[in-house]
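Just so it is clear, none of the values below were taken in a lab; they were calculated from the coordinates. Being a predicted model, the structure only gives us computed values, none of them experimental. Ideal geometry is used to build each Cβ from the backbone, glycine not excepted, and the neighbour counts take in all protein chains shown.
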Amino acid sequence: MDPSMYPKPDAELARMRRELAPKPLEAFKAFSAAVFADGALPNVTKQLIAVAVAHVTQCPYCIKGHAAEALKRGATDAQIMEAIWVAAEMRAGGAYAHSLLALDTMRHAHPKG
C-alpha cells in the first residue's frame, strides 16, 4: 500500500479517532463485534464474505484485515481466492446487468419505425 495514500495505522491515529468521536467509535466496535459473532453463519464464513465485499469496495485495510482474520479462523488460501473471484464476478455482473439502462436509453432514442 502506498503510505502517502494509505497511512499505516498507528497509536496516534487510533488516539485521534477515539478522541475526536468516542461514541460513534464505541458504537461501531459493538456493531462490528455483533456482526462478526458466530450465528447462523460461522465467523469464518462471515470473514470470507467480508474479503469479497472488501474487494468490491476496494478497501485495502479491509482486504488485509479480513483476509488475515479469515486465515486465523481456519479459511484456506483457496477459499479466500474463491471469495475474491465471487467478488469479481459480482462486480462485472453489476456492469452487465446495468447495461440495460444504456440499452433502454438507446432504444428510446432510436425507436424502430
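Quick one: dipole size for the stretch 38-109, taken about the Cα centre, charges +1 on Lys/Arg Cβ and -1 on Asp/Glu Cβ, in debye to the nearest 20.
The dipole of the stretch 38-109 has a size of about 120 debye.
In a GNM of the chain with a 10 Å cut-off on Cα contacts, which of A37, A27, A87 has the highest mean-square fluctuation?
Most flexible of the set in this elastic network: A27.
Suppose only helical runs count, i.e. DSSP H with n ≥ 4. What mean residue ellipticity at 222 nm does that imply for the chain under -39500 (n - 2.57) per run, divided by all residues and rounded to the nearest 500 deg cm²/dmol?
It lands at -25500 deg cm²/dmol.
How far, in nm, would the chain grow between L100 and D2 when pulled straight, counting 0.36 nm per residue and subtracting the alpha carbon separation?
Extra length from L100 to D2 when fully extended: 31.6 nm.
Using Cβ contacts closer than 10 Å as the measure, can you line up H110, H66 from fewest to most?
If I rank by nearby Cβ atoms, fewest first, I get H110, H66.
Which order do S4, S32 fall in if you start with the one that has the fewest other Cβ atoms within 10 Å?
So the residues, fewest neighbours to most, are S4, S32.
How far is it, in nm, from the label point at R107 to the one at E82 when both lie 7 Å from their Cα along the line to the Cβ?
Here the answer is 3.7 nm between the modelled labels.
How far, in degrees from 0 to 90, does helix 60-72 lean away from the longest principal axis of the Cα atoms of the chain, to the nearest 10?
The angle comes out at about 70 degrees.
Can you tell me the orientation of helix 77-109 relative to the chain, as the angle in degrees between its alpha-carbon axis and the longest Cα principal axis, to the nearest 10?
The answer is roughly 40 degrees.
Tell me, in nm to one decimal, what length is gained between R18 and A68 on full extension, where the rule is 0.36 nm per residue of separation less the Cα-Cα distance?
15.6 nm
Which entry in [x] 1.01; [y] 1.48; [z] 1.25 is this structure's computed Cα Rg over 2.2 N^0.38 Å?
[y]
Ordered by residue, what ³J(HN,Hα) values in Hz, to whole numbers, does the stretch 9-14 give under the Karplus form 6.51 cos²θ - 1.76 cosθ + 1.60, where θ = phi - 60° and Gly and Pro are x?
3J(HN,Hα) across the stretch 9-14, in whole Hz: x, 9, 4, 5, 5, 4.
Taking 0.36 nm per residue of sequence separation and subtracting the Cα-Cα distance, how much length would be gained by fully extending the chain between A40 and L25, in nm to one decimal?
Using 0.36 nm per residue and subtracting the Cα-Cα distance, I get 2.8 nm.
What angle, in degrees between 0 and 90 and rounded to the nearest 10, separates the Cα long axis of helix 43-57 from the longest principal axis of the Cα atoms of the chain?
The helix 43-57 is inclined about 50 degrees to the chain.
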